[in-house]
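In what follows, a single structure is set out as structure tokens and then discussed.
What follows is calculated from the coordinates using simple rules that are stated; it is not laboratory data. These numbers were taken from a predicted model, which means no experiment stands behind them. Counting neighbours? That spans all protein chains shown, and the Cβs are built from the backbone with ideal geometry, glycine included.
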Amino acid sequence: MKYPTVNTKFIVLLGNPLSHSVSPPMHNAVFEKLGMDCCYIPVEVNNENLGKVFQGLSRMNVLGCNVTIPHKVAIMDYLDELDPLAKTIGAVNTIKIENGSSTGYNTDGEGFLKSLTEGGLGSVTEKRFFIQGCGGAARAVAMTLAAHNAKRIYLANRTEKKAEQLADEINLNISSCSEVIDNDPASRKTAIRASDVLINTTSVGMHPHENASPIEKEYITADHMVADIVYNPLKTKLLQDAEAQGAKTVGGPGMLIYQGAAAFRIFTGVEPLVDVMSATVYRLIDKKQAGT
Ligand code: ATR
């Protein structure tokens, strides 16, 4: 790797903790391959210092930032402008800085949708989606699908109140396509069977709880596409169950790769090498899962 100079442009990842993030190597691999004098660095920052650090960065040779847990909502207080979708989602994961002025975007939902498209989704407009979980990731996914005119979005969550709140926001701000599903087996089965795509946005099934799945295997059929945002393990119990039922599956790394690709375009205006990003992410996940 070339050492940075005064001419180098930086992209800064803000979050805490960041030791496991694959974003720096994923972006730097593309900068290196394209011969761009850019460098992506992780900066762990606590809540108290977020504003001061960001205000400093926006006065430096920084093209933009990625923002991750726990700052995706708090960072919005420090931005000059917000992209309409990021505003509706209520969270920012990508910031473009130009002439000291900052604009916030959210590429998580677009990244997820791109991974579904790669998996053979076809048109969103015709499809019904069952989303398990209503946290930050679900907000980005559900609102992006609604913004792309999804036919129906069924929301199921352990805490039903959160599902009601998200459904209300979608129906009020985007389109009246969203419906809350009660947690009883009959309601879940009906909604799952009425859906084309089943999506897990919770951490259920993530290492070290690999034997858990958030969606009942017996409700999944060969007509479903099943997507999991969990990528550790790569093949979650949900995806194994879906495969066993003959369903199409979409794994977690796609969202990570395509949200990064969309952010790369925003930072640089250059088309990223998605193959290089993907190879880097899979290599690092494999390494992590092998415990090396
Ligand atoms: P993220 O930003 O990654 O989406 P989050 O905002 O903390 O994280 O949301 C986590 C989601 O996973 C929530 O919908 C949560 O359900 P609750 O709203 O009831 O907390 C869901 N979740 C986490 N662990 C779960 C579990 N063991 N069973 C069911 N749902 C779970």
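Phi angles across the range 254-267 convert, under the Karplus curve 6.51 cos²θ - 1.76 cosθ + 1.60 with θ = phi - 60°, into 3J(HN,Hα) values of x, 4, 4, 5, 6, 5, x, 5, 5, 5, 4, 4, 5, 5 Hz, Gly and Pro given as x. Put simply, the Cα atoms of the range 57-165 extend 45, 32, 19 Å along their principal axes, the longest span coming first.
Each residue of the range 184-191 is assigned a 3J(HN,Hα), and the resulting list reads 7, x, 5, 5, 5, 4, 4, 5 Hz, derived from the Karplus form 6.51 cos²θ - 1.76 cosθ + 1.60 (θ = phi - 60°), x at Gly and Pro. For Val250, the amide hydrogen comes within under 5 Å of the amide hydrogens of Val226, Ala227, Asp228, counting only partners 5 or more places away or on other chains and with H modelled in the peptide plane. Shown in residue order for the range 110-126 are the 3J(HN,Hα) couplings computed by the Karplus curve 6.51 cos²θ - 1.76 cosθ + 1.60 at θ = phi - 60°: 4, x, 5, 4, 4, 5, 5, 4, 4, x, x, 4, x, 6, 5, 4, 7 Hz (x for Gly and Pro). For the range 134-292, the alpha carbon positions stretch 43, 37, 27 Å along the principal axes, listed from largest to smallest.
Taking the Cα centre of each part, how many Å lie between the range 124-164 and the range 1-76? For the range 124-164 versus the range 1-76, the Cα centre distance is 30 Å. Cross-link check: pairs Lys235/Lys288; Lys217/Lys288; Lys52/Lys161; Lys96/Lys127; Lys72/Lys189; Lys87/Lys151 evaluated at a Cα-Cα cut-off of 25 Å; pairs beyond the cut-off: Lys217/Lys288; Lys52/Lys161; Lys96/Lys127; Lys72/Lys189.
The charge dipole of the range 155-245, taken about the Cα centre with unit charges on the Cβ atoms of Lys, Arg (+1) and Asp, Glu (-1), comes to about 200 debye, rounded to the nearest 20. Which residues in the range 118-142 have a backbone N closer than 12 Å to a point placed 7 Å from the Cα of Ser175 along the Cα-to-Cβ line? Inside the label zone: 124-128.
May I ask for the Rg/Rh ratio of the chain, computed from Cα atoms with Rh as the Kirkwood radius, given to two decimals?
Result for the chain is an Rg/Rh of 0.98.
I need the peptides 183-192, 140-149 ranked by packing, meaning the mean over residues of other C-beta atoms within 10 angstrom, with the highest value on top.
Numbers: 183-192: 14.3, 140-149: 23.6.
With the highest mean Cβ count within 10 Å placed first, the list reads 140-149, 183-192.
Just so you know, the Cα atoms of the range 166-251 work out to an Rg and Dmax of 13.6, 38 Å. Collect residues whose amide H, placed 1.01 Å from N in the peptide plane, falls under 5 Å from the amide H of Gly64; neighbours closer than 5 in sequence don't count. Distant-sequence amide H within range of Gly64: Val12, Ile97. Using 1/(1 + (r/R0)^6) with R0 = 25 angstrom and r between the beta carbons of Ala244 and Tyr282, what's the FRET efficiency to the nearest 0.05? Once rounded, the FRET efficiency stands at 0.60.
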